[in-house]
Amino acid sequence: MTASRISGFYNLTLDERRAKLADAAALSPDDLAAYVSNGGLSAEAADHMIENAIGTHALPLGIGLNFVVNGRDVLVPMAIEEPSVVAGASFMAKLARAGGGFIATTSEPLMIGQMQVINVANLEEAKLKLYEHKAELLAEADAIDPVLKKFGGGARDLEVRMIESSNIGPFLVVHLIYDVRDAMGANAVNTACERLAPHVESITGGRVHLRILSNLADRRVARARCTIPSKELAFGKGESQTRPYSGEEVRDGIIAAYAFAAADPYRAATHNKGIMNGVDAVVIATGNDWRAIEAGAHAYAARSSKYTSLSTWNKDKEGNLVGTLEMPMAVGIIGGATKVHPAAQAAIKLMNIKSASELAEIIVSVGLAQNMAALRALATEGIQRGHMSLHARQVAIAAGASGDMIEKVAAQMVTEKTVRIDKAEEILRQLKA
Ligand code: MEV
């Protein structure tokens with residue numbers, strides 16, 4: 001069984017971390033080999049994935065530690081270029097552990113395909129005719145993907161909406177609701193919409209214009225919650241550079257920060273960006289389409305016609321901090337890059353997941369942990385101190401530091417409270433003199 005707490009992981013060398021990881025997840029070094037060779041994606045494989053390929057693009061891959069999701073320890077692969085994200089998620093997962101970890105659920109994996117029907121003479125009549133033919137349209141859509149059907153997926157429902165447009169006049173939109181099981185689903189849904197279009201045209205007498213899935217996957221949502229005893233949130237003397245913060249103070253600070261995001265779209269965008277720091281890192285590490293997840297998240301955040309926070313933070317009657325997150329989560333573990341990218345395959349093995357819904361539950365838990373990490377820092381010392389010490393290393397490398405020099409240059413910049421490329425170059429010159 002995997003243990004997601006690995007003490008001292010931060011201080012190990014790359015090779016030691018890989019060995020610990022293989023041990024903790026009961027994997028062979030071969031299972032994690034992709035992580036040793038820049039993600040293991042060869043230029044030849046890349047050439048089969050996209051057009052005009054000339055090579056591959058690598059990102060750092062870190063491990064989110066301490067996660068317990070639905071009672072199971074899980075080591076979470078996170079691909080991200082931004083410092084502090086992996087450390088923040090791991091630390092918050094440790095605090096959440098004290099309250100039992102993250103409890104997460106998903107809805108059925110239902111995606112929506114849209115068909116835009118224009119040039120319809122009588123919209124009301126066409127709408128009813130579509131409903132009259134619903135059973136045969138669904139049967140037709142169902143027969144398109146026998147593999148998906150074998151695994152329990154297929155067409156589930158059909159809805160017809162009427163849309164007013166000042167540009168082209170009113171038109172119909174048919175929503176095909178499709179259960180895509182463990183796939184992300186775009187291919188299955190797009191194929192179904194394209195195939196169904198002629199039948200929809202003959203029923204309505206109109207012309208089917210667009211036939212494409214909607215990234216507002218509001219029928220395929222993932223939810224996570226965590227309960228954190230407020231004493232766990234305290235910012236001790238060792239951690240804080242200014243003053244200690246009590247657990248209650250931090251808890252109330254997080255709740256006030258959430259109130260800001262709930263009320264103000266300018267803040268909500270940044271608040272949700274913090275959630276996406278965690279979400280995208282896992283989505284990318286598993287070879288999933290992070291643009292789809294981003295589009296779905298922000299559209300969902302604006303579903304009440306006012307853009308707001310995707311998460312909530314409040315306290316329960318015992319005074320514990322309670323966080324929740326709900327968002328669309330159209331991720332798959334079969335098909336596309338999830339199947340052909342060696343690092344994506346390693347990620348699935350590492351998390352020991354068997355279904356897309358399990359992956360979605362982990363991702364949304366990481367999003368909630370990441371959100372809490374940002375709010376805890378913002379509500380107390382601000383994010384710059386923690387952020388800067390890691391950022392300083394990148395600046396040192398950009399200034400030409402290598403080996404031991406990276407840490408030395410970074411540490412001096414942090415001490416001097418100036419993390420800038422010209423400063424790094426100056427320190428480097430002094431150290432080399
Ligand atoms: C930075 O990548 C993310 C934060 O701005 C999120 C937030 O403000 O909540 C720290």
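Numbers at a glance
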{"quantity": "For segment 11-50, size of Cβ-based charge dipole, Lys and Arg +1, Asp and Glu -1, in debye", "calculated": "180 debye"}
{"quantity": "Antiparallel DSSP beta bridges within the chain, percent to nearest 5", "calculated": "95 percent"}
{"quantity": "Mean separation of Cα contacts under 8 Å (6+ apart) over length of the chain, as relative contact order %", "calculated": "18 percent"}
{"quantity": "Cα-projected label distance for residue 131 with residue 156, points at 7 Å along beta-carbon direction, nm", "calculated": "2.1 nm"}
{"quantity": "Heavy atoms of residue 290 accessible to a 1.4 Å probe, total area in Å² rounded to 10", "calculated": "100 Å²"}
{"quantity": "Helix-derived mean residue ellipticity, 222 nm - over the chain, DSSP H n ≥ 4, -39500 (n - 2.57), to 500", "calculated": "-14500 deg cm²/dmol"}
{"quantity": "Segment 225-271 and segment 155-206: distance between their alpha carbon centers, rounded to Å", "calculated": "44 Å"}
{"quantity": "Label point distance in nm, residue 11-residue 52, each placed 7 Å from Cα along Cα→Cβ", "calculated": "5.0 nm"}
{"quantity": "Calculated FRET value between residue 22 and residue 70, using beta carbons and R₀ = 25 Å, to 0.05", "calculated": "0.55"}
{"quantity": "Length-normalised contact order for segment 386-432 - Cα pairs under 8 Å, 6+ apart - percent", "calculated": "42 percent"}
{"quantity": "Förster-model FRET efficiency, 35 Å R0, residue 147 and residue 209, C-beta, rounded to 0.05", "calculated": "0.75"}
{"quantity": "Accessible solvent surface per residue of the chain, calculated while the other protein chains remain in place, 1.4 angstrom probe, Å²", "calculated": "47 Å²"}
{"quantity": "Ranked packing of 113-122, 213-222, most packed first, by mean Cβ within 10 Å", "calculated": "213-222, 113-122"}
{"quantity": "Relative packing of peptides 48-60, 196-208, 134-146 - highest average C-beta neighbours within 10 Å first", "calculated": "196-208, 134-146, 48-60"}
{"quantity": "Of all accessible heavy-atom area on segment 170-241, the percent that carbon and sulfur account for (1.4 Å)", "calculated": "46 percent"}
{"quantity": "Percent accessible area from carbon and sulfur atoms, segment 386-432, protein chains only, probe 1.4 Å", "calculated": "53 percent"}
{"quantity": "Set of lysines with alpha-carbon distance to residue 94 below 28 Å, sequence-local pairs under 8 removed", "calculated": "20, 231, 237, 273, 315, 317, 349, 354"}
{"quantity": "Inter-part distance where segment 366-422 and segment 1-77 are each reduced to a Cα centre, Å", "calculated": "23 Å"}
{"quantity": "Environment charge of residue 283, counting only residues whose C-beta is closer than 13 Å and scoring Lys/Arg +1, Asp/Glu -1", "calculated": "-2"}
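The values are calculated or read from the model by the stated rules, or taken from the named source; none is laboratory data. Just so it is clear, the structure is predicted and the values come from calculations on it, not from any experiment. Don't worry about glycine lacking a Cβ; one is built from the backbone with ideal geometry, like all the others, and counts go over all protein chains shown. These area figures cover heavy atoms from the full protein model, side chains too; ligands, DNA and RNA do not enter into them. Shrake-Rupley method; radii C 1.70, N 1.55, O 1.52, S 1.80 Å.
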